[in-house]
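Input: a single structure, listed below in structure tokens.
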């Protein structure tokens, strides 16, 4: 029992630290969102890789044409002309081509680039490498966005604005999953992902780029030779993050650029997605994988082991009140963290206030299951480096070598 109490005390202490971190995250979101934007609107190339049909793809792509930004181009890139996303892209382009331009959309151009099949890197990374070679000569900033993200109208200006300070290497947002129709798996995906969001904040040396919403000056991108750094990789964002950290260039997190992904998933899709993310983390940032493994193992052992201990002692007629009290305290701390985090993101994502409020019970109650899922993900990453992305299976040999095993 003393051993259990010792580790329970550690988990409670970590829970208190986590709540304090959640408070700092909330304070940062409030202060940064209220900060006025500088008058910095250079010509921007927005690069949007697509493959297949994401849920809400039409609305997601349409949002790229609705940005309150004066001059930019959108480059859609996919690997083959038969990809079904191209029909949606053309439909969106036609709808905006026929609409009258207003003063906020003075100069928006768009085109499609067919990158062809990858042979020495992930397909998305290959697509990005090809698309970067097609940008307009006027472009001063490159912006990368995922097809499953739905940016708000101020997204582009907010993401580019921090780069007026040349001290920053890049600016980034992050995703926030909102279930379309509910369901345990979809809510669990949102809770699992939310724990990563709050790792971002004011500590720019610890921030990381998310490939679904990142801006970088063209000169920085070229100086760091990112196109070559991407060769042989499947993770565009980890490779970019590592290059910026090696160059001692800080990454600014922009809360206003939190972008929602409105979609549902099955349990199979949830496990496949979360395990893929952790396997990639193990290859490209092994220290983060080790921390997640140790943390989730400690929590799962104490929390779920404590549940077994309480039930066992109750059945044996022994006192169980102290371990039950410790479990309740752990649960309360986790619920507080989930509440603080959700309340914080409702500021930059005010447009989705009602949808976010509907997810509050999940964020306050499902986090123990999300921790158990993290443990499974970490264990799976320990024994396998094979992932599947958009119908392509890869073997991650090293950070610079990805082998394509099979395409579907």
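Per-structure values
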{"item": "Mean projected area in nm² (Cα convex hull; one quarter of hull surface) for the range 89-228", "result": "11.4"}
{"item": "Rg to Rh quotient for the range 1-104, alpha carbon positions, Kirkwood Rh", "result": "1.25"}
{"item": "The range 175-304: radius of gyration over Cα atoms, expressed as a fraction of 2.2 N^0.38 Å", "result": "1.16"}
{"item": "P(r) of the range 259-328 over all Cα-Cα pairs, binned every 10 Å from zero, in whole percent", "result": "17, 27, 27, 22, 7, 0"}
{"item": "Cβ-based exposure ranking for 289, 176, in which fewest neighbours within 10 Å come first", "result": "289, 176"}
{"item": "Stokes-Einstein D in µm²/s, Kirkwood radius over Cα pairs - the chain at 20 °C with 1.002 mPa s viscosity", "result": "96"}
{"item": "Rg to Rh quotient for the range 325-391, alpha carbon positions, Kirkwood Rh", "result": "1.12"}
{"item": "Whole-number percent relative contact order across the chain, with pairs defined as alpha carbons under 8 Å at least 6 apart", "result": "21"}
{"item": "Calculated [θ] (222 nm, deg cm²/dmol) that DSSP helices of n ≥ 4 give over the chain, each run adding -39,500 (n - 2.57)", "result": "-16500 deg cm²/dmol"}
{"item": "Rg and Dmax [Cα atoms of the range 30-83; Å; Rg one decimal, Dmax integer]", "result": "15.0, 46"}
{"item": "Centroid-to-centroid separation of the range 142-161 and the range 330-390 [C-alpha atoms, Å]", "result": "23"}
{"item": "Cα-based Rg of the range 297-408 normalised by 2.2 N^0.38 Å, two decimals", "result": "1.53"}
{"item": "Nearest 10 degrees, 0 to 90: helix 2-34 Cα axis against the chain principal axis", "result": "30"}
{"item": "Spatial extent of the range 34-271: Rg and Dmax, with the Cα atoms as the point set, Å", "result": "17.1, 48"}
{"item": "Sequence of 378, 209 once ranked by neighbouring C-beta atoms within 10 Å, starting from the fewest", "result": "378, 209"}
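Since every read-out is calculated from the coordinates, none of them should be taken as a lab result. Since the model is a prediction, treat every value here as computed from it, not as a measurement. Virtual Cβ from ideal backbone geometry, glycine too; neighbours counted across all protein chains shown.
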